[in-house]
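Please read the structure below before turning to the comments.
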Amino acid sequence: MRFSSSLLGLYGLLSASALAVAQPGDTDFMSVRENLAKDYESEGQIPTEKYFTESSFHYHYDGRFADQPLPDDKVTPHLSALIQTYLSTMSSIGAETWIMHGTLLSWWWNQKIFPWDNDLDVQISEPTIHFLAEFYNMTEHHFDLPGVDGGRKYLLEINPNYVVRSEKDRLNVIDARWIDTSSGLFIDITAVRKDEARRQRGETEALMCKDRHHYQESQIFPLRDSYFEDVPVKIPYSYTWLLEEEYGPRALTNKNFQGHNFNEDSKIWEHTKRSVKRFLRRGWRMSDLPTRSANNQPLVRMDAS
Amino acid sequence: MASYDSDHELGDPYYHATTQPSSSSRFARLSRPLIDSVRNGWQSSPAYRSLSSSPENSKHTGCVQIALSIIAAPRFRRYVLVYFVLFLLGWAGWAMVLYPRLEERGALLHALDPASKAEVGGWFGSNSLPQFDDLTHIRTLDPSLVPVARIEVDQLLKKIEFSTTDGDHLILTGDIINKGPDSAGVVDLARKLGASCVRGNHEDRILLLRHEMVTMNTLLTGDEKNVKLHEPSEKEAKERALARSLSDDQARWLEACPVILNVGLVQGMGQVVVVHAGLVPGVDLEKQDPSTVMTMRTIDLNTHVPSESTEGMSWAKMFDKHQSILHSSLKSSHADPRSQTTTVIYGHDAKTGLKIRTYTKGLDSGCVKGGKLTALVIEDGGKQSLVQVSCKQDYSKDNKEKKEKKDKKDKKAKKAKKDD
């Protein structure tokens, strides 16, 4: 009860703040633009408030949906369902998204989430964040999960400050979240934008994110098709170089990490001390994948499972 | 002493002006044996003192004079010059050639030493290789293919008397499209010749884009205004146009080009493998990361992680060293150690240009930028020769207007006359 009323309150709050941000004129930016998204907020309009907050008990949980972190052995299955549902939703919407940072590194090693990870990072392009904000903000997506009674509800929430393109907006570097409303775990979604400042200095392919990561267009596009946690995923074009640049070459070779050892034969990160049961249990079958609940998708096209 | 002195004085007018005999010494001479008068007075005499140091001075002067005269001698000057130049050459040879080579050799040996693997926590290639859709990772050459030709490619093939009826087979080292002015023409030519190819980074990009267009159903309609996708950069827009211009047949042929083409055993070359950019030494072909195989130039000495950067140790040098170590370790135990080694034929690195080593053959000689088009011709019995044709112009500068020109960079023709 408390949960649903807080969600309702949140809706009200969000629509209010979304209205407040979409103020620059009477007409919405997205409906009047002729080319693709390029909206410049002057630097005087840098937001002073943080939109997405972390819970008081753990920085990777949304405090609106949980009051305590999950037990250790439940984290990875929850994250796995989180990314599977996110990727499947984006693919059925037709929105372009790809994995990055730690998630890309874990994909590189064995196409599975690192057993010690408790967050996931994905990116989308700037036109896509505008598109999602316009049509999919605050949409709930219900999925039936094998072994989960009643399935889970996921929420796509866009940070209304996504229209602020400046890196100076340090409070709102995350442009959107895909939230598991059952546990409070979430995926950080950041938009990759054309870096006009660097482009003016002659770097014609410069891209940036508000979290101060910089890329070149040809490092990310064209995206590759691969698999992560047994579902199709898009991978940035130069994945090896991106990982080398971000984490150094040793991240691609060091088999001892965070108390885990990479078993070259089983291709699994095994806990150096505890038993490996937890990871062996995580073999996936096709029937283990989450499926979108048939009666709860007014906004999403039904062409993918 | 007076007489002694005066004798001295008389005998040697040189000293006359400087001796000052006293009257008391004259008296003493009369009352004492003469021997008593004999002393080494000259030693204490300040007059002689100036003289006593003069022999050294004169010696010095002599040395300096001798030195000066030697230096002044033309022959000496010549020798000094010659030795100086020799020294400089020796030093330069050491500092610029020998020392870096020894250092590089040491670094390579250390990098390839299995003992250093544990030190750095592991080498590249232990991950579970990701699977990609529509990407042929590895393919073994089917030795029954048929081929004939245009401008540079034509010329080159004529020069090597390429004839498919004789069982010759052409293998292209990749980047056959999106570089020269007539990408589709090169693909058609290669198809007509029944050539083999490997996937270069340019094919990779174009095919990925085309694949995306096919799955999103935008191959014919265009997707410039798709609000769910990123806005293509100028470069990507051109690539998209090229991807659209390819026919289904051309695309299918290109898609069948593997990242790694295993040619198989060639006498005198061991196992021959063709890739676009390079291979990480010590990693099985099946475990080579496809994106790096299409783009690598250098390699990290500690971790063996390849990089597309031009700064650092060339992957080919390391691969060559790795194979030569393998070869020498097999010498005693194996009848034909060369058959156990791998020779890599690659393109990609136009900046370094033609680079032929024992186990690595870099053939990109920059045709598109007005360089040369190179073919490595391998005949029966493994006899190798290089054939080059000059490329007419810098296509990279004006490839917009010159659509009719047919060119291709970087090919490898393999004239493998079938034994059967």
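Inside 10 Å of the C-beta atoms of B:93-106, what's the mean count of C-beta atoms belonging to other chains?
Per residue, the number of nearby Cβ atoms from other chains is 0 on average.
Give me the net charge of B:Val280's neighbourhood, meaning all other residues with Cβ under 15 Å from the Cβ of B:Val280; Lys, Arg count +1, Asp, Glu -1.
Here the charged neighbours net out to -2.
Set the bar at 27 Å for Cα to Cα. Now go through B:Lys287/B:Lys361; B:Lys287/B:Lys369; B:Lys238/B:Lys369; B:Lys235/B:Lys351; A:Lys112/B:Lys351 and name every pair that lies beyond it.
Over 27 Å Cα-Cα: B:Lys287/B:Lys369; A:Lys112/B:Lys351.
Whole-Hz Karplus ³J(HN,Hα) for the stretch B:290-307, in order, using 6.51 cos²θ - 1.76 cosθ + 1.60 and θ = phi - 60°, x for Gly and Pro?
Once rounded to whole Hz, the list reads x, 5, 6, 4, 8, 9, 5, 10, 10, 9, 6, 5, 6, 9, 6, 7, x, 9.
Counting only other chains, what is the mean number of Cβ atoms within 10 angstrom of the Cβ of each residue in peptide A:254-267?
For peptide A:254-267, the averaged partner shielding equals 2.
Which of B:Thr374, B:Thr140 comes first, and how do the rest follow, when ranked by fewest Cβ neighbours within 10 Å?
B:Thr140, B:Thr374
Provide B:Val187, B:Val274, B:Val64 in ascending order of the number of other Cβ atoms located within 10 Å of each residue's Cβ, fewest first.
Going from sparsest to densest Cβ surroundings: B:Val64, B:Val187, B:Val274.
Within 10 Å of each Cβ of A:208-221, how many other protein chain Cβ atoms are there on average?
So the per-residue partner count for this stretch is 2.
Order A:141-154, A:218-231 from most to least packed using the mean count of other Cβ atoms within 10 Å.
Order by mean packing, descending: A:218-231, A:141-154.
Give me P(r) over the stretch A:54-292, computed from all C-alpha to C-alpha distances, binned every 5 Å, as integer percentages.
1, 6, 13, 17, 20, 18, 13, 8, 3, 1, 0, 0
Classify the stretch A:154-225: rounded, prolate or oblate, from the alpha-carbon gyration tensor (a ≥ b ≥ c, eigenvalue square roots; a/c under 1.5 rounded; otherwise prolate if a/b is larger than b/c)?
Because a/c hits 1.5 or more and a/b fails to exceed b/c, the stretch A:154-225 counts as oblate.
If the viscosity is 1.002 mPa s and the temperature 20 °C, what Stokes-Einstein diffusion coefficient in µm²/s follows for the stretch B:245-290 when Rh is the Kirkwood radius over Cα pairs?
171
Laboratory data are not the source of any read-out in this text; all were calculated from the coordinates shown. Every value quoted in this text rests on a predicted model; they were computed, and no experiment measured them. Because the Cβ atoms are built from the backbone with ideal geometry, glycine has one as well, and the counts that use them run over all protein chains shown.
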